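Asker: Would you mind keeping the following structure in view while I ask a few things?
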């Protein structure tokens, strides 16, 4: 797959292939979406059925709408669904994906559309809808208003993958740069699995204590910074913490990075591993999984982590995630840098 960059998004809008009503401008390779409607499940277990017999309207009718008035809605536990204020049109041949924005992800909010409303991800048909997305908080308490920043829409075209040999070649030619303690790493010095680059946990982490987080308000009072040693420490279940990679990353202008989520259900090769060889029971996910090219971002990659049942031991230098490359349709040779550009530690939300 290839992702539309700013140049492509502007051209697609001009040609009528893409329309996002009332959007507030394009980001370097995505479109920001804001909270329009919020729903909760009437029943404990419910999934989106995207068969031709089930319309989006029929599925939404099975949900309970949450009133978004003057007072904030407190999101703490459970699964919610939401629709943006913006309506999305994608022409045939394009498909979309919604994830958290980086700043809201750092509040513990996880937003996604895949597997929920797959109408977005069918390039064989036009899409003209307000996409239905899922929302959970991963161990935090968050206050939301109508219009709160929620997610970002990525628009894809086609299917294209970067093979391992190309990734290694880019590292050896310094197109793709990884640094550790100031030293540029060659491909032979980088741990790789199936063409994906393994990133490792930096000693500095930020642990969420308690309190209500709100987009646009500093979360600093609700987090405690600690420094890990190489000896493991125990992190209790259902705890949210922010970490970053030991490695600094610079991605070529024609690509974006994608960091994988480590969960116990994945095959062992993609999981963080306990000393005895068992996968850890936590999600080490960039809730906003895409990492911009060097014109947008250079630095250590942030991760939002959530401990499942029974907790886990963590330590500095352990495997954090895997980074793979996704092509852009048109390279981003110039761009407005991210507000997180050059971050060097576990960085809280700056929204």
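Asker: For the chain, what is the calculated [θ] at 222 nm in deg cm²/dmol (nearest 500), taking -39500 (n - 2.57) for each run of four or more DSSP H residues and dividing by its residue count?
Answerer: After summing the helix terms and dividing by residue count, I get -2000 deg cm²/dmol.
Asker: Going out from 0 in 10 Å bins, what whole percent of all Cα-Cα distances in region 2-157 drops into each bin?
Answerer: Here the calculated profile for region 2-157 is 11, 42, 34, 13, 0.
Asker: Further question: Relative to the present Cα-Cα distance, how much length would full extension add between residue 341 and residue 61 at 0.36 nm per residue of separation?
Answerer: Numbers: separation 280, 0.36 × 280 = 100.80 nm, distance 4.22 nm.
So the chain would gain 96.6 nm between residue 341 and residue 61.
Asker: Using a 10 angstrom cutoff on alpha carbons, build the Gaussian network for the chain and name the most mobile of 160, 58, 126.
Answerer: 58
Asker: How much length would be gained if the chain were fully extended between residue 209 and residue 89, taking 0.36 nm per residue of separation minus their Cα-Cα distance, in nm to one decimal?
Answerer: 39.1 nm
Asker: May I pose another question? How much of the DSSP beta bridge set in the chain is antiparallel, as a percent to the nearest 5?
Answerer: Of those bridges, close to 95 percent are antiparallel.
Asker: Normalized C-alpha radius of gyration of the chain, against 2.2 N^0.38 Å?
Answerer: Against the empirical 2.2 N^0.38 Å value, I get 0.97 for the chain.
Asker: Which one of 99, 302, 330 has the biggest mean-square fluctuation once the chain is modelled by GNM with Cα springs under 10 Å?
Answerer: 330
Asker: Enumerate the residues in region 190-209 having an amide nitrogen under 18 Å from the point lying 7 Å beyond the Cα of residue 173 toward its Cβ.
Answerer: None, by backbone N distance to the label point.
Asker: Okay, moving on. Taking 0.36 nm per residue of sequence separation and subtracting the Cα-Cα distance, how much length would be gained by fully extending the chain between residue 42 and residue 76, in nm to one decimal?
Answerer: 10.6 nm
Asker: Something else about it: Mean-square fluctuation check for the chain, GNM, Cα pairs under 10 Å: which of 251, 314, 74 is largest?
Answerer: 74
Quick note: the coordinates plus some simple rules give every number you see, no bench work behind them. Treat the numbers as computed from the prediction; the structure is a model and nothing was measured. Ideal geometry is used to build each Cβ from the backbone, glycine not excepted, and the neighbour counts take in all protein chains shown.
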